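Q: Structure provided below as structure tokens; questions to follow.
The values are calculated or read from the model by the stated rules, or taken from the named source; none is laboratory data. Note that the coordinates shown come from a computational prediction; the quantities given were computed from them, not determined experimentally. So basically every Cβ, Gly included, is an ideal-geometry build from the backbone, and we count neighbours across all protein chains shown.
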Amino acid sequence: MPASDIRARLASAGGHVSRWPWWIQVAGLYLAARLVSAWIFMAAALHQGVNPWFPARPDYWSFVNIWDARWYGEVLQNGYPEVLPTDGTGAVQENAWAFYALFPTLGRVLAGVTGMQPAFALTLIASVCGLGAALVVYSLFSLKATHGTALWGTVFFSTFPVSEVLQVPYAESLNLLLLATALLLVVQRRYLAAMPVVVLMCLSRPTGVPFAAMAGLLLLYRLWQRRAAGGQPASDAEDGRGSRFPATLWTTAPHTNSELWSLAGLTAVSGIGALLWPAIAWAVTGDLQAYTKTETVWRGHDLVPFKPWFDTGIMLFGPTLGVLAPFVFVTLFVVFMMSRPVAALGTELRLWCCCYMGYLLVFLHPQTSTFRMLLPLFPLALSAALVSRSRAYRGTVVLMFLLLQIVWIVWLWAWAPLPGGGDYPP
């Protein structure tokens, strides 16, 4: 068949698909991305050797139910310890309090109602939440860009190098569904509706602190904006302009008193929600630091803000460049956040990205799991789509992401013991 005929047929098929409802387009593309990830998982499983969980060459379901999935399964079946486990020296050992309760609780309910195996229940919930997250992400992106660009941004989100975690029994997909919903409601100024969503989000993964910071800073910014505008309608100055960076579809006028009070309430609820899980751990165990003691077990040392970034920098780049590396990283991130594709996200999404990255800089111990923890920066997927309308560029990004999925699964998900024992966690 001549190449011209092939192009004509592809164009015709693309035109037909473009007339489908947006949710069918998003769901189809997301499910296709997850199918590709499943093939990568199955191919890697064929080469999986001896490991701590199951025999070599496991099936797909066994292969995706490892690492933290085992901890969520433990919580589902046995709950949380009332006494923190310790070693002979009194040091707290790894335990279930590091894993938030909403995801395994949903798994327990589903397994109890249907009678299905707990591991399958958790996998099903994660997969459904991942699809829901993609739909909400598109809805959020569509407020900031045209349908085609929002769709490409959602494709980037769906094929991101660690997007495979959205179909395994981890809480990331549930957390992203709730986070994207909360951000969508915030952009729409539906602050009261966002409150229960944020509370649930705070019980799924530790994203409450940066969200509270974002809400508080947004409140201050809106107060300043209203005063500077003198009550006159205005648009966000940072929204993109021009043919490549279309203006946001959600214009911004000064907030009313009711909206400002609602935003203040959301800030308070977010702050309280961020403390819920540590408070629950304290109430159950009687130890005020039960959650933080458990979290720091995986670090191997106490929590010291910012220090792990310098330690990692020195380990990777030496005593001189290593000290400078975190400052270089922050500078590059600030420049990136000021670029036109990122500015097109608008105030709320850009502020969220800054607050979340700031949270990682303060509290995160950078390691191989850091790649997975970058998923809440998903609004930047829309910025990547706004860089160029070229199909060659956008297709190349997707191809690169899929290739990096192979790297992530083979390097980090599959178990390969290190010389000193253990393996790098995904």
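Q: Kindly indicate which of Phe363, Phe378, Phe333 is touching a Leu at 6+ places or on another chain (Cβ under 8 Å) and farther than 17 Å from Phe157 by Cβ. Give the derivation first.
A: Numbers: Phe378 fails: farther than 17 Å from Phe157 by Cβ; Phe333 fails: touching a Leu at 6+ places or on another chain (Cβ under 8 Å).
Step by step, each of Phe363, Phe378, Phe333 is checked, and only Phe363 is touching a Leu at 6+ places or on another chain (Cβ under 8 Å) and farther than 17 Å from Phe157 by Cβ.
Q: Of the residues Thr320, Thr285, Thr296, only one is of a type outside the set (Asp, Glu) and closer than 16 Å to Val362 by Cα; which? Walk me through it before giving the result.
A: On the way: Thr320 fails: closer than 16 Å to Val362 by Cα; Thr285 fails: closer than 16 Å to Val362 by Cα.
After ruling out the rest, the residue left standing is Thr296.
Q: Yes or no: segment 339-353 includes at least one residue that is within 30 Å of Ala96 (Cβ to Cβ), surrounded by 13 or more Cβ atoms within 10 Å (Cβ to Cβ) and at pLDDT 95 or above. Give the derivation first.
A: So in segment 339-353, the residues within 30 Å of Ala96 (Cβ to Cβ) come out as 352.
Next, only the ones that are surrounded by 13 or more Cβ atoms within 10 Å (Cβ to Cβ) stay: 352.
Filter once more, keeping what is at pLDDT 95 or above: 352.
Yes, segment 339-353 contains a residue that is within 30 Å of Ala96 (Cβ to Cβ), surrounded by 13 or more Cβ atoms within 10 Å (Cβ to Cβ) and at pLDDT 95 or above.
Q: Of the residues that sit in segment 136-172 and are of a type in the set (D, E, K, R) and assigned to a helix (DSSP H, G or I), which one is farthest from Val407 (Cα to Cα)? Give the steps one after another, and end with the answer.
A: In the first step, residues of segment 136-172 are kept if they are of a type in the set (D, E, K, R); the result is 144, 164, 172.
The next check asks that each one be assigned to a helix (DSSP H, G or I); those that pass are 164, 172.
Values: Glu164: 12, Glu172: 20 Å.
Ranking the candidates gives Glu172 first.
Q: Right, here's the next one. Looking for whichever is outside any helix (DSSP H, G or I), at pLDDT 95 or above and under 13 Å from Glu348 (Cα atoms) here; the options are Arg189, Arg205. Which one fits? Talk me through it step by step, then tell me what you get.
A: On the way: Arg205 fails: under 13 Å from Glu348 (Cα atoms).
On inspection, the qualifying residue turns out to be Arg189.
Q: May I pose another question? Which condition number in (1) out of contact with any strand residue (DSSP E or B) (no Cβ under 8 Å at 6 or more places or on another chain); (2) of a type in the set (Ser, Thr, Tyr); (3) touching a residue at least 24 places away in the same chain (Cβ under 8 Å) is the one that Thr294 fails?
A: With (1) out of contact with any strand residue (DSSP E or B) (no Cβ under 8 Å at 6 or more places or on another chain); (2) of a type in the set (Ser, Thr, Tyr); (3) touching a residue at least 24 places away in the same chain (Cβ under 8 Å) applied to Thr294, the lone miss is (1).
Q: Out of segment 302-344, which residues are of a type outside the set (Val, Ile, Thr) and within 19 Å of Pro278 (Cα to Cα)? I'd like the intermediate steps shown before the answer.
A: If we filter segment 302-344 for residues that are of a type outside the set (Val, Ile, Thr), which is where we start, we get 302-303, 305-311, 313, 315-319, 321-322, 324-327, 329, 332-333, 336-341, 343-344.
Correct list: Asp302, Leu303, Pro305.
Q: Which members of segment 69-97 meet the condition of being modelled with pLDDT of 95 or more and either under 14 Å from Leu203 (Cβ atoms) or among the hydroxyl-bearing types (Ser, Thr, Tyr) (or both)?
A: Selection gives Tyr72, Val75, Tyr80, Trp97.
Q: Moving to a separate point now. Which condition number does Ala384 fail, the rest of (1) surrounded by fewer than 16 Cβ atoms within 10 Å (Cβ to Cβ); (2) touching a Gly at 6+ places or on another chain (Cβ under 8 Å); (3) of a type in the set (Gly, Ala, Ser) being met?
A: (1)
Every residue, every condition in (1) surrounded by 14 or more Cβ atoms within 10 Å (Cβ to Cβ); (2) over 20 Å from Ala281 (Cβ atoms); (3) over 22 Å from the mean Cα position of the chain (by Cα), yes or no:
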{"position": "Ala43", "(1), (2), (3)": "no, yes, yes"}
{"position": "His47", "(1), (2), (3)": "no, yes, yes"}
{"position": "Ser62", "(1), (2), (3)": "yes, yes, yes"}
{"position": "Tyr100", "(1), (2), (3)": "yes, no, no"}
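Q: Just checking, which of Asn78, Asn95 is buried (at least 19 other Cβ atoms within 10 Å of the Cβ) and within 29 Å of Thr285 (Cα to Cα)? Lay out the reasoning, then the answer.
A: Details: Asn78 fails: buried (at least 19 other Cβ atoms within 10 Å of the Cβ).
Going through Asn78, Asn95 in turn, just one is buried (at least 19 other Cβ atoms within 10 Å of the Cβ) and within 29 Å of Thr285 (Cα to Cα): Asn95.
Q: Separate question: With respect to the numbered conditions (1) under 21 Å from Arg205 (Cβ atoms); (2) surrounded by 24 or more Cβ atoms within 10 Å (Cβ to Cβ), which one is the sole condition not fulfilled by Trp152?
A: Result: Trp152 passes all but (1).
Q: Which numbered condition trips up Tyr72, out of (1) of a type in the set (Ser, Thr, Tyr); (2) assigned to a helix (DSSP H, G or I); (3) free of Cβ contacts under 8 Å to residues at least 12 places away in the same chain?
A: (3)
Q: Please go through (1) touching a residue at least 12 places away in the same chain (Cβ under 8 Å); (2) surrounded by fewer than 23 Cβ atoms within 10 Å (Cβ to Cβ); (3) under 30 Å from Trp261 (Cα atoms) for Pro196 and return the number of the only condition it doesn't satisfy.
A: Tallying (1) touching a residue at least 12 places away in the same chain (Cβ under 8 Å); (2) surrounded by fewer than 23 Cβ atoms within 10 Å (Cβ to Cβ); (3) under 30 Å from Trp261 (Cα atoms), Pro196 fails exactly one: (1).
Q: Here's a follow-up. Is it the case, given these coordinates, that Val304 is hydrophobic (A, V, I, L, M, F, W, C) and in contact (Cβ under 8 Å) with a residue 12 or more places away in the chain? Before the answer, list the steps.
A: On the way: hydrophobic (A, V, I, L, M, F, W, C): yes; in contact (Cβ under 8 Å) with a residue 12 or more places away in the chain: no.
Criteria not met by Val304.
Q: Give segment 257-291 a look and list any residue that's closer than 17 Å to Val92 by Cβ, free of Cβ contacts under 8 Å to residues at least 60 places away in the same chain and aromatic (Phe, Trp, Tyr), or say none.
A: Trp282
Q: Out of the helices (runs of 4 or more DSSP H) lying entirely within segment 233-329, which hold 3 or more residues that are under 27 Å from Leu102 (Cβ atoms) and either modelled with pLDDT under 95 or charged (D, E, K, R) (or both)? Walk me through it before giving the result.
A: Working: elements: 257-285, 290-297, 307-317.
So the answer is 290-297.
Q: Could we say that Gly346 is without any contact (Cβ under 8 Å) to a residue 24 or more places away in the chain and at positive phi here? Outline the logic, then answer.
A: Values: without any contact (Cβ under 8 Å) to a residue 24 or more places away in the chain: no; at positive phi: yes.
No: the conditions fail for Gly346.
Q: Right, next: For the list (1) in contact (Cβ under 8 Å) with a residue 12 or more places away in the chain; (2) more than 21 Å from Ala38 (Cα to Cα), I need the number of the one condition that Leu131 fails.
A: (2)
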